[in-house]
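**Q** Here it is, the structure in full.
Bear in mind that the values in this text are calculations on the coordinates, not laboratory data. For clarity, every value in this text was computed on a predicted model and none was experimentally measured. Positions of Cβ are generated from backbone atoms using ideal geometry, with glycine treated the same way; all protein chains shown enter the neighbour counts.
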Amino acid sequence: MRQSPTILKTELLAQSSHFQIEALHLRFSNGQQRVYERLRGTGYRSVLLVAMPDPQHVLMVREYAVGVEGTILGLPKGGADTGESYLEAAQRELGEEVGLRAGRLTELGELTLAPGHLCHRCRVVLAEQLSPCSNDGGDEPEPLECLSVAMADIPRLVANGELHEARTIAALFMAMGVLAQRA
């Protein structure tokens with residue numbers, strides 16, 4: 001088993017209300033030293049929802065993503081408030097983003113994104129037995145476009161580049177595994 005490098009020093013390079021940029025000075029077991037930079041969150045916890053109105057379809061949203069300066073296709077998602085469990089956050093976000101409530105919520109696991117540079121983790125939740133609820137829009141700056149997508153269409157959407165958000169693809173893969181085990 002590989003030995004973790006020793007952190008010799010951590011420097012705060014910049015900070016905003018959501019992120020910190022840190023430089024970590026590391027020494028590896030072979031004596032090599034390197035400086036790595038990472039983006040560290042400030043305690044933000046998030047959920048990503050695989051909301052299934054039936055076993056063959058998933059609800060997806062189109063929304064503006066500032067990181068890529070464009071509209072993307074993805075899953076409903078959002079942050080967990082202080083003191084809120086992941087399942088509570090999932091139920092709230094489902095209502096805010098698509099106007100539905102889940103009769104059954106199942107935690108599927110956790111995802112990381114670019115763990116060599118980002119400290120962010122996201123909890124994936126499968127939402128089933130959906131029914132309408134009031135939708136106040138939450139904290140969205142504009143209404144999201146909600147689509148019901150056939151699970152059988154997911155590979156085509158990935159292949160043609162319409163679906164390229166990595167967390168969404170991984171979360172759908174996790175859900176497919178759970179659904180296959182149930183069958």
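**Q** Can you compute 3J(HN,Hα) from phi for each residue in the range 51-61, using the Karplus curve 6.51 cos²θ - 1.76 cosθ + 1.60 with θ = phi - 60°, rounded to whole Hz and x for Gly and Pro?
**A** 9, 10, x, 7, x, 9, 10, 10, 8, 10, 10
**Q** Put a dot 7 Å past each Cα toward the Cβ at Asp54 and Gln15; how far apart are the dots in nm?
**A** Each label point lies 7 Å from its Cα, and together they span 5.2 nm.
**Q** Take the chain, connect every pair of alpha-carbon atoms lying under 10 Å apart with a spring to form a Gaussian network, then pick out the residue of Gly70, Gly41, Gly95 with the largest mean-square fluctuation.
**A** Judging by the Gaussian network model, the answer is Gly70.
**Q** Right, here's the next one. Over the chain, what is the relative contact order in whole percent, taking alpha-carbon pairs under 8 Å and six or more residues apart? Let's see the in-between values first.
**A** Numbers: 357 pairs, mean separation 38.4, N = 183.
Worked out over the chain, it gives 21 percent.
**Q** If packing is taken as the average count of other Cβ atoms within 10 Å, what order do 20-27, 43-50 fall into, highest mean first? Spell out each step's value before the answer.
**A** Working: 20-27: 15.0, 43-50: 20.5.
Those peptides, ordered most packed to least, come out 43-50, 20-27.
**Q** For the range 1-44 and the range 102-162, what is the centre-to-centre distance using only Cα atoms, to the nearest Å?
**A** Taking the Cα centre of each part, the range 1-44 and the range 102-162 sit 30 Å apart.
**Q** In whole Hz and in residue order, list the ³J(HN,Hα) couplings for the range 164-180 that follow from phi through the Karplus curve 6.51 cos²θ - 1.76 cosθ + 1.60, θ = phi - 60°; x for Gly and Pro.
**A** Each residue's phi maps through the Karplus curve to give 9, 6, 4, 5, 4, 4, 5, 5, 5, 4, 4, 5, 4, x, 5, 5, 5 Hz.
**Q** Same structure again: Could you work out the relative contact order of the range 2-82, using alpha carbon pairs under 8 angstrom and six or more residues apart, expressed as a whole percent?
**A** Values: 134 pairs, mean separation 16.9, N = 81.
It rounds to 21 percent for the range 2-82.
**Q** With θ taken as phi - 60° and the coefficients 6.51, -1.76 and 1.60, list the Karplus ³J(HN,Hα) couplings across the range 115-120 in order, rounded to whole Hz; mark glycine and proline as x.
**A** x, x, 9, 10, 9, 6
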